[in-house]
Amino acid sequence: MQEVVEAAAARLNHEAPVAVTAAGRTDSGVHAAGQVVALSLPPGFKPRQVRDALNFHMKPYPVVVVRAAPAPLGWNPRFSAVGRSYRYQIINRRARPALMLGRAWHVVAPLNAAAMHTAAQTLLGRHDFTSFRAAACQAKSPIRTLERLDVSRDGDVITMVVEARSFLHHQVRNFAGTLRLVGEGRWPVERVASVLAARDRSAAGPTAPAEGLCLMEVRYPVDPFAQRVA
């Protein structure tokens, strides 16, 4: 995504490179419905012009600008954020995904979403999330405050909604891989609390595939898009 936006922005900057700063990192295969980026362009562009021009130059890639606005002085899409919301989806049936191909994790074994939700509640609050942290994570501290972790089922689709100010590398995908073991009945609900307390990545479940994860929203103290572009 970043390369596509940077290439399009360069077309508006006399072909000179334009650095893009994003609110959240998304690994290869992860999707973003609410990513926020900042970029520097020559003066004179109106927000509507920026949106439409970038969208024109990003064809035919599946990347679009929905809204654009001038950034306040000193504002940073990553460090100014006060909350992020991710969604992880699982297709839980024997038949392979069709319309959601590449957008969800296909799990054939029946999953108990209620048990997964109950186990997930033991992770809420401020904790050391070393057990759910990727080995390559570059965060200075494994301490994070998890505000929401809900698991629900709608037909064949199990949806996990996760909210926090910030996340560790692979934290949400490691939640999903661990809760799957609970949903399959291979782990009791109580084991997730023990995994958290262990502060050991090997104690948790596997990392779930990237394609089920989507960054849904980034929150700020003041909405930078309050003056919406028609």
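Mind checking which residues of segment 164-189 are loosely packed, with under 15 Cβ neighbours inside 10 Å and either in contact (Cβ under 8 Å) with a residue 12 or more places away in the chain or in a helix (DSSP H, G or I) (or both)?
Within segment 164-189, the first condition is being loosely packed, with under 15 Cβ neighbours inside 10 Å, and the residues that meet it are 165, 185-186, 188.
Answer for segment 164-189, where residues must be loosely packed, with under 15 Cβ neighbours inside 10 Å and either in contact (Cβ under 8 Å) with a residue 12 or more places away in the chain or in a helix (DSSP H, G or I) (or both): Arg165, Gly185.
Can you pull out every residue in segment 112-137 that is within 18 Å of the chain's Cα centre (by Cα), modelled with pLDDT of 95 or more and open to solvent by 40 Å² or more (accessible area, probe 1.4 Å)?
Listed by number, the residues that qualify are Leu124, Arg133.
Test Arg78 against the criterion of being open to solvent by 90 Å² or more (accessible area, probe 1.4 Å) and over 22 Å from Cys214 (Cβ atoms), and give yes or no.
No: the conditions fail for Arg78.
For segment 2-24: of the residues being assigned to a loop (DSSP other than H, G, I, E, B) and touching a residue at least 12 places away in the same chain (Cβ under 8 Å), which is surrounded by the most Cβ atoms within 10 Å (Cβ to Cβ)?
Initial filter on segment 2-24 (assigned to a loop (DSSP other than H, G, I, E, B)): 12-19, 23-24.
Keeping just the survivors that are touching a residue at least 12 places away in the same chain (Cβ under 8 Å) gives 12-14, 18-19, 23-24.
On the way: Leu12: 18, Asn13: 14, His14: 7, Val18: 18, Ala19: 10, Ala23: 23, Gly24: 19.
The residue in question is Ala23.
Among the residues of segment 91-111 satisfying the criterion of being touching a residue at least 40 places away in the same chain (Cβ under 8 Å) and either touching a Leu at 6+ places or on another chain (Cβ under 8 Å) or open to solvent by 80 Å² or more (accessible area, probe 1.4 Å) (or both), which is farthest from His31 (Cα to Cα)?
Pro110
Of the residues Val192, Val182, which is over 20 Å from the mean Cα position of the chain (by Cα) and under 28 Å from Pro97 (Cα atoms)?
Val182
Considering every residue within segment 142-154, establish whether at least one is in a loop (DSSP other than H, G, I, E, B) and open to solvent by 30 Å² or more (accessible area, probe 1.4 Å).
First, the residues of segment 142-154 that are in a loop (DSSP other than H, G, I, E, B): 142.
Add one more test, that the residue is open to solvent by 30 Å² or more (accessible area, probe 1.4 Å), and what stays is none.
No, because not a single residue in segment 142-154 is in a loop (DSSP other than H, G, I, E, B) and open to solvent by 30 Å² or more (accessible area, probe 1.4 Å).
Identify, by number, the condition in (1) under 22 Å from Ala136 (Cα atoms); (2) modelled with pLDDT of 90 or more; (3) open to solvent by 50 Å² or more (accessible area, probe 1.4 Å) that Val30 doesn't meet.
(3)
Would you mind stating whether Gln35 is of a type in the set (S, T, N, Q), surrounded by 14 or more Cβ atoms within 10 Å (Cβ to Cβ) and over 25 Å from the mean Cα position of the chain (by Cα)? Explain how you work it out, then say what you get.
Working: of a type in the set (S, T, N, Q): yes; surrounded by 14 or more Cβ atoms within 10 Å (Cβ to Cβ): yes; over 25 Å from the mean Cα position of the chain (by Cα): no.
Taking the combined requirement at face value, the residue does not satisfy it.
Please count how many residues of segment 138-158 are modelled with pLDDT under 95 and touching a helix residue (DSSP H, G or I) at 6+ places or on another chain (Cβ under 8 Å).
0
Being closer than 27 Å to Gln171 by Cα, modelled with pLDDT of 90 or more and not hydrophobic (A, V, I, L, M, F, W, C) is the requirement here; does Pro17 meet it?
Working: closer than 27 Å to Gln171 by Cα: no; modelled with pLDDT of 90 or more: yes; not hydrophobic (A, V, I, L, M, F, W, C): yes.
Taking the combined requirement at face value, the residue does not satisfy it.
The values are calculated or read from the model by the stated rules, or taken from the named source; none is laboratory data. These numbers were taken from a predicted model, which means no experiment stands behind them. Don't worry about glycine lacking a Cβ; one is built from the backbone with ideal geometry, like all the others, and counts go over all protein chains shown. All accessible areas refer to the heavy atoms of the entire protein, side chains included, with ligands and DNA or RNA removed. Shrake-Rupley method; radii C 1.70, N 1.55, O 1.52, S 1.80 Å.
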